[in-house]
1. From the list 303, 261, pick out the single residue that is surrounded by 24 or more Cβ atoms within 10 Å (Cβ to Cβ) and β-branched (Val, Ile, Thr).
2. Determine whether residue 195 is among the small types (Gly, Ala, Ser) and either surrounded by 23 or more Cβ atoms within 10 Å (Cβ to Cβ) or under 30 Å from residue 94 (Cα atoms) (or both).
3. Determine if segment 199-207 includes at least one residue that is in contact (Cβ under 8 Å) with a residue 12 or more places away in the chain, farther than 18 Å from residue 292 by Cα and open to solvent by less than 50 Å² (accessible area, probe 1.4 Å).
4. Tell me, please, whether a residue that is in contact (Cβ under 8 Å) with a residue 60 or more places away in the chain, part of a loop (DSSP other than H, G, I, E, B), under 25 Å from residue 166 (Cβ atoms) and open to solvent by 10 Å² or more (accessible area, probe 1.4 Å) can be found in segment 278-290.
5. Identify the residue in segment 174-189 that is open to solvent by less than 40 Å² (accessible area, probe 1.4 Å) and of a type in the set (Phe, Trp, Tyr) and, among all such residues, is nearest to the chain's Cα centre (by Cα).
6. Residue 148: touching a helix residue (DSSP H, G or I) at 6+ places or on another chain (Cβ under 9 Å), surrounded by 23 or more Cβ atoms within 10 Å (Cβ to Cβ), among the hydroxyl-bearing types (Ser, Thr, Tyr) and closer than 16 Å to residue 73 by Cβ, yes or no?
7. Output the qualifying pairs, or none if there are none: Cβ atoms under 6 angstrom, residues six or more apart or on different chains, first residue in segment 50-73 and open to solvent by 60 Å² or more (accessible area, probe 1.4 Å), second residue at pLDDT 70 or above and in a strand (DSSP E or B).
8. Which of the residues belonging to segment 141-194 are part of a helix (DSSP H, G or I) and either over 22 Å from residue 225 (Cβ atoms) or charged (D, E, K, R) (or both)?
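The values are calculated or read from the model by the stated rules, or taken from the named source; none is laboratory data. Predicted model only: the values in this text are computed from it and were never measured. A quick note on method: Cβ atoms are made from the backbone with ideal geometry, for glycine too, and the neighbour counts reach across all protein chains shown. Accessible surface is based on the protein model in full, side chains and every heavy atom, while ligands, DNA and RNA are left aside. Shrake-Rupley method; radii C 1.70, N 1.55, O 1.52, S 1.80 Å.
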Amino acid sequence: MTKKTVRIYDVAKAAGVSEATVSLALNHSPLVKQETRKAVEAAARKLGYTPNPYARRLVLQKSGMIGVVVPDIENVYYAALVKTLSAQIADSGYSLSIFISDNDPERERRAIRDMIGARVEGIVYVPINTPCDLSASRALLQSGGIPTVCVTTEAAGLPSVRCDLAAGMRALVAYLAAAGYRSLHYLTGPAGVYALDIRADALIQAAADAGLPRGSVTVQHLAAVDYDCACAAVAPRLGDLPDCFVCANDFMALGVVNTLTAHGIAVPQRAAVAGFDNSVFSRVSPVPITTVHQDIPELVRRTVRCLLHQIRPDSTEPPDSLCIPVQLIPRASTIRV
């Protein structure tokens, strides 16, 4: 025998109120008296009524959605960030809507407009990873009136949560200098990108602080921070190897290790390699790669906490900006035996 579906009409009839009152009561509206709300809740429990989440959102005039815009979902760093964010957003009772800017400023702005139009309740903003003026995107976010947190970088006027990239690079360079590496060649992406610039600046300053010889540290800006660009950049250096290639991420570092190995150059005996992020590429490399760990779960946890505070404020006032500590992970690619 098919079990009868309990409707809001049935709850209203059992509680002796209107259907509208049932909706308001189950959504804890201040318009409903406490004794009426208790009577409605008791009737709903007795009948086994389950509220329709979509109807609930209509009553509350809320979407139940959090939007996130990311530059690239194929990049393992962003993929891990979105995966972790999706789980934590779900635990908070919201759904996640993902927008990909593909490192295109106009697509980023279109995604922001779409999120505002969809009436998302909060926005996690991960800026594009190529040189551009982000002021138009920031202006859209600020004018939209939707709680927003900028992640991985800083954006004027918006709360931000990021990892301490400068501290990570300083720790890496200090470690390499102490291990006896005197010449470093840094492979990074285009200048004018916050997350890349802050690491390049920290590397140069840390090398000076460590007393490395003037001119022994070089920075090479590539078209992209990817495997192919890193491989292509190594080939011209095979006849004049630095003590260590330092890379802006582990995917690039894997390209360097594989290129050196393919040319019969032992890592780290003839040239060491270091990366950044502590992604899977640093562990699957034929020579495990020294790297800097970014704590993505903690980054996401603090991001969600900051965002939810804006959506439903508690008694504490979160800081405008949070910087998550990082950790140096030494591995075989820089350890000479």
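1. On the way: 261 fails: surrounded by 24 or more Cβ atoms within 10 Å (Cβ to Cβ).
Answer to the selection: 303.
2. On the way: among the small types (Gly, Ala, Ser): yes; either surrounded by 23 or more Cβ atoms within 10 Å (Cβ to Cβ) or under 30 Å from residue 94 (Cα atoms) (or both): yes.
So residue 195 passes the test.
3. Residues of segment 199-207 that are in contact (Cβ under 8 Å) with a residue 12 or more places away in the chain, as a first pass: 199-207.
Imposing the further condition that a residue be farther than 18 Å from residue 292 by Cα reduces the set to none.
The answer is no; no qualifying residue exists.
4. Quick first cut of segment 278-290, residues in contact (Cβ under 8 Å) with a residue 60 or more places away in the chain only: 279-281, 290.
Checking which are part of a loop (DSSP other than H, G, I, E, B) leaves us with 279.
In the following step, the residues that additionally are under 25 Å from residue 166 (Cβ atoms) were identified as 279.
Now drop any that are not open to solvent by 10 Å² or more (accessible area, probe 1.4 Å), which leaves 279.
The answer is yes, given that some residue of segment 278-290 is in contact (Cβ under 8 Å) with a residue 60 or more places away in the chain, part of a loop (DSSP other than H, G, I, E, B), under 25 Å from residue 166 (Cβ atoms) and open to solvent by 10 Å² or more (accessible area, probe 1.4 Å).
5. 186
6. Working: touching a helix residue (DSSP H, G or I) at 6+ places or on another chain (Cβ under 9 Å): yes; surrounded by 23 or more Cβ atoms within 10 Å (Cβ to Cβ): yes; among the hydroxyl-bearing types (Ser, Thr, Tyr): yes; closer than 16 Å to residue 73 by Cβ: no.
Taking the combined requirement at face value, the residue does not satisfy it.
7. 73/100
8. As a first pass, look at segment 141-194 and keep what is part of a helix (DSSP H, G or I): 141-144, 165-178, 194.
Matches in segment 141-194: 141, 142, 143, 144, 170, 174, 177, 178.
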